[in-house]
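Since the structure comes first, as structure tokens, the remarks are kept for the end.
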Amino acid sequence: MCELILYLDLLSQPCRSVYIFAKANNIPFQHEEVLLFKGDQLAEDFGKVNVLRKVPALKDGDFTMAESAAMLLYLARKYNTPDHWYPSDIQKRARVDEYLAWQHTNTRPLGSKLFWVKAMTPYILGHEAAPEILNPPLLEFSETLTALQEKFLQDKPFLAGDEISIADVVALVEIMQPIAAGVDVFEDKPKLSAWKQRVEEAIGADLFKEAHEKILNIKEMQNQPVPPQLKERLKARLEAFSRK
């Protein structure tokens, strides 16, 4: 039995980054599915792995940890993955670290907010988000992608240089969330669109598709009934996003 266990829900962007990285590097792991919309994260057994009740979570023997960015670096170091993922060159590594620090207050929260307002409003409330609710997160995320293109990508093939790194995977899984909601995020951003294609190719088209199959079919959820208890929990989170 594999000692490394990854607790994941591939609807989640950070879960996809960890899943893609492990698969792309042939890291053996046991995949434990934690279905967020069913409340699996609230189970007592999962709380023993991650008291924060969030995914992804990692268990390696007796060692457990949370936070996807930290997990990616742990896996890169433990399994001595190819250098381009987390470069030994101090300045290239600094570029990866720089993006991982920046995305926590930019790509990640703003992409999540746009996804919830655009995709989850019909699912939870039964109607599309009003323009005055949807337009602000659309603008915020567009501005974030402009910063990503001009500050981090510039004229390089990938965020840290000539080869794919952890930063590229973390960035793209976040961007895929609004794409899954039906937002054309690459409009007027040809350099970023070309970068997306390079990242997909570097990861492998099959793996990229496998990791994103669940989120890209998110609209199918809109035709499914929402259990009352779950609906109230999701509604509270949607309202929180709408207030931000």
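The values are calculated or read from the model by the stated rules, or taken from the named source; none is laboratory data. Computed from a predicted structure; not experimentally measured. Cβ coordinates were reconstructed from backbone atoms using ideal geometry, including for glycine residues, and neighbour counts include every protein chain displayed. The accessibility values were calculated without ligands, DNA or RNA, using every heavy atom of the protein model including side chains. Shrake-Rupley method; radii C 1.70, N 1.55, O 1.52, S 1.80 Å.
Could you list the GluC sites (Glu not before Pro) in the stretch 1-65 that lie in coil according to DSSP, counting only those with at most 13 other Cβ atoms within 10 Å of their Cβ? Could you put the intermediate results ahead of the total?
Details: sites: Glu3, Glu32, Glu33, Glu44; in loops: Glu3.
Loop-located and lightly packed - Glu3.
Please build a GNM for the chain, connecting alpha carbons under 10 Å apart, and tell me which residue among Lys156, Lys54, Lys196 fluctuates the most.
Taking springs between Cα atoms under 10 Å, the residue moving most is Lys156.
Place +1 on the Cβ of every Lys and Arg and -1 on the Cβ of every Asp and Glu in the chain, take the dipole about the Cα centre, and give the residue among His212, Met65, His127 whose Cα lies farthest towards its positive end.
The Cα lying farthest towards the positive end belongs to His127.
Kindly identify the chain as rounded, prolate or oblate by the Cα gyration tensor criterion: order the square roots of the eigenvalues as a ≥ b ≥ c, call it rounded if a/c is under 1.5, otherwise compare a/b with b/c, prolate if a/b is larger, else oblate. Working shown, then result.
Numbers: a/c = 1.91, a/b = 1.12, b/c = 1.70.
Here the chain falls in the oblate category.
Hey, any idea what % of the chain's accessible area is carbon plus sulfur with a 1.4 Å probe?
Using a 1.4 Å probe with all protein chains present, the chain comes out at 50 percent carbon and sulfur.
Tally the DSSP beta bridges in the stretch 1-144 and give the antiparallel ones as a percent, rounded to 5. Walk me through the numbers before you get to the answer.
Working: 8 of 12 bridges.
Looking only at bridges with both residues in the stretch 1-144, the antiparallel portion is about 65 percent.
Between Ala94 and Glu232, what length comes free when the chain is fully extended (0.36 nm per residue of separation minus the Cα-Cα distance, one decimal in nm)?
Values: separation 138, 0.36 × 138 = 49.68 nm, distance 4.22 nm.
Length gained between Ala94 and Glu232: 45.5 nm.
Multiply the residue separation of Asp155 and Leu125 by 0.36 nm, subtract the distance between their alpha-carbon atoms, and state the gained length in nm to one decimal. Mind showing how you got there, number by number?
Details: separation 30, 0.36 × 30 = 10.80 nm, distance 4.24 nm.
Using 0.36 nm per residue and subtracting the Cα-Cα distance, I get 6.6 nm.
Please label the shape of the stretch 78-128 as rounded, prolate or oblate, based on the square roots a ≥ b ≥ c of the eigenvalues of the alpha-carbon gyration tensor (a/c under 1.5 means rounded; beyond that, a/b larger than b/c means prolate, else oblate).
Numbers: a/c = 5.92, a/b = 2.88, b/c = 2.06.
Prolate.
Given the rule -39500 (n - 2.57) for each run of at least 4 DSSP H residues, summed and divided by the residues of the chain, what is its mean residue ellipticity at 222 nm, to the nearest 500 deg cm²/dmol? Display every interim value, and only then the final one.
Working: 11 runs with 131 residues, N = 244.
Estimated from H runs of four or more residues: -16500 deg cm²/dmol.
How many percent of DSSP beta bridges within the chain run antiparallel, rounded to 5?
70 percent
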